[in-house]
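Written below as structure tokens is the structure these notes are about.
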Amino acid sequence: MMKIILSWSKVNPAFIATLTSHLIQLTLLSSLLLLANPVRSQVSENVTEPEFQEESGQFSTNIVCGFTPPAGYVAVAYRAEFSCPGSGINATVYQLPSNGLQICGFTPPAGYVAVSYRSTSACYTNSSSFGANNSTIIQTPINGLQICGLNSPSGFVPVAYRSESGCSTNTSPLGATNSTVIQTPTNGLLMCGLNPPPGYVISFSTYSSSCVTNNITTNPNAIVINATTPPPSDGGGQVKIPKPICPPEGCPKLSY
């Protein structure tokens, strides 16, 4: 120990000062580097790097092999799945129906009607024609809704027929009547056709240009309906006669 101390005492003081200065500079540089770049080994033990995941919801979980969704669900896309038998597009993405949903095919589920037909790549199958309509926008029926097709849903009657480009299918003739405006039946309503709905009778039949289909003129082609139950009283013993809803050309004179 005495030899080491004596040897160190013989070192040039200038060399000791220079060495001390270099040690201080190295210490400061190391501190700055640690502040700018924290040690990752201490962080990686507690943090899991995020992994890419497919969009959550029906597109990551609701898939069935084949082209038939489970009961109560509708198909919203077709795709190729390695886990399903067959090659090419062999599986269906499905979800519960809702207003405004675009489904594959042209058949709305129970309680819904078609309001538009469209073409989407999501609904292509192995035999699909490129660009052809293959999907449907669905909606629950409400008064005044224009639906695709000429058949009114249960509880509604047709009040007008129209030609709508959004309701054309791949086989629809150009300009064909292909949509219907629907309404719930009420006293005095003028509806298309000659068959009143259950619980109503014909007050009179007439012609309405709104009820023409495919430019075929049939007279009469519409009726005004009234309920089979007695009409309500105005409170003074007088029966209120319902006012019919007439076409633009007017209603014929009524006789009660």
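The values are calculated or read from the model by the stated rules, or taken from the named source; none is laboratory data. What you are looking at is a predicted structure, and each value in this text was computed from that prediction instead of being measured. Quick reminder, even Gly has a Cβ in these numbers, built from the backbone with ideal geometry, and neighbours come from all protein chains shown. Keep in mind that these areas ignore ligands, DNA and RNA; they rest on the heavy atoms of the full protein, side chains included. Shrake-Rupley method; radii C 1.70, N 1.55, O 1.52, S 1.80 Å.
Taking all protein chains in place and a 1.4 Å probe, what share, in percent, of the accessible surface of segment 90-242 do carbon and sulfur account for? Carbon and sulfur atoms account for 52 percent of the accessible area of segment 90-242. Relative to its residue count, segment 55-127 spans a Cα convex hull of 99 Å³ per residue. Taking the Cβ-Cβ separation of ASN215 and SER87 as r and a Förster radius of 35 Å, what is the calculated FRET efficiency to the nearest 0.05? It comes to 0.15. Most tightly packed first, judged by the mean number of other beta-carbon atoms within 10 Å of their residues, the peptides 161-169, 175-183 read 175-183, 161-169.
Using the Cβ-Cβ distance between THR186 and ALA71 with R0 set to 30 Å, the FRET efficiency works out to roughly 0.30. Using a/c under 1.5 as the rounded threshold, could you call segment 76-211 rounded, prolate or oblate? The axes a ≥ b ≥ c are square roots of the C-alpha gyration tensor eigenvalues, and prolate needs a/b larger than b/c, oblate otherwise. Cα axes put segment 76-211 in the prolate bin. In nm, give the distance between the simple-model label positions of SER172 and ASN195, each being 7 Å from the Cα along the Cα-to-Cβ direction. That separation, rounded to one decimal, is 2.3 nm.
Under the simplified labelling scheme, the THR107-SER121 pair shows an inter-label distance of 2.8 nm, with each label point 7 Å from Cα along Cα→Cβ.
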